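To start, the structure itself, in structure tokens.
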Amino acid sequence: MVRTGISTASFFDTLMLEDAPALFRSWGVRYAEYYLNSSYEYSPAFTKMLKSRSDDAGIEVVAVHPMSLQFEPLLFTPHPRQREEATASYEAVLKAGEILGADHYVMHGPVVLGNGVTKNLEFERLAPIFDRLSDMAEDHGLHLTLENVSYSIMPSPEIGTILHGLMRRPLYHTLDLKQSIRAGFDPMQFVDAFGERIIAVHACDCDRSGEKPRFCLPPRGGFDFKRIVDALQKKGFSGTVLLEAYSDMFQSHKELKDAYDALSRQINT
């Protein structure tokens, strides 16, 4: 059986994070990625409360995922003061992840400006920073995973492969299916390129019958999730497939519950 769960990013502005464990328990969801919306949500007091509620609900926290634009791009800035402040925020999230017992941290990393403009994104300079950030994550018992995001540093499999060749230690990944399609790639291209480094999947459905892809809840788009998961398992995948939806994909939380059930059934059939 492949582990399936839900990212609380799916509940953005519709459910407070601390209320997610009880809801997940009522749905029979055992695995969760916690999307941390603000510095308040990765403070020690809040994190310990969230850990207690998660334990009471029988929820295993597989990942922490902060709102990346709050500080992540500045982890890679050349300016030392900006980098120092961002690093303090990063470490606060790592400490939260350690308290929660998470396996990995989900990172977007530097952003690419409009029209493909890049600034201070030389891979030879960035690779040692990723090494240092990976070391910090490991110090707190977490893996650092770089997510493929269409507007961030790794929209393509090729860029991931370049970073791998420049780093002194392994870089792991969260594969986001919708972001892959948005960037113009079949998710299988990421699996083929470095599937053995993918330790989590962000899943939602995609209807490609029209002129442009329309992202939606499973099973409304007919995406073949099992094809991706089977290919990952051949590369040694033992992680979690997490439903991660956008708020405009549903009207009620029950729709999310039904989507989670449909995703779990398809993957494990």
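The values are calculated or read from the model by the stated rules, or taken from the named source; none is laboratory data. Because the structure is predicted, anything quoted here is derived from the model rather than measured. Positions of Cβ are generated from backbone atoms using ideal geometry, with glycine treated the same way; all protein chains shown enter the neighbour counts. Remember, those area values only see protein heavy atoms, side chains included, never the ligands or the DNA or RNA. Shrake-Rupley method; radii C 1.70, N 1.55, O 1.52, S 1.80 Å.
A Cβ-based charge dipole, computed about the Cα centre of segment 120-234 with Lys and Arg at +1 and Asp and Glu at -1, lands at about 300 debye. Looking at the chain, which longest stretch skips every one of the GluC sites (Glu not before Pro) that is in a DSSP loop with at most 10 other Cβ atoms within 10 Å, leaving the sites themselves out? For GluC sites (Glu not before Pro) (loop position, at most 10 other Cβ atoms within 10 Å), the longest site-free span of the chain is 1-121.
If you run the Gaussian network model on the chain, springs between alpha carbon atoms under 10 Å, then out of 14, 240, 161 the most flexible one is 14. On the principal axes of its alpha-carbon atoms, segment 1-101 has extents of 47, 27, 26 Å, going from largest to smallest. Residues 40, 260, ordered by accessible area of protein heavy atoms at a 1.4 angstrom probe radius and largest first, appear as 40, 260.
Label points 7 Å out from Cα along the Cβ direction at residue 209 and residue 55: separation in nm? It works out to 4.9 nm between the two label points.
The convex hull of the Cα atoms of segment 198-269, projected and averaged over all directions, covers 5.1 nm².
Shape annotation for segment 98-197: C-alpha extents along the principal axes are 38, 28, 23 Å, from largest to smallest.
Counted over the chain with a bin width of 10 Å, the fraction of Cα pairs per bin, in whole percents, is 7, 31, 37, 22, 3, 0. When the Cα atoms of segment 44-89 are aligned to their principal axes, the ranges along those axes come out at 44, 19, 12 Å in descending order.
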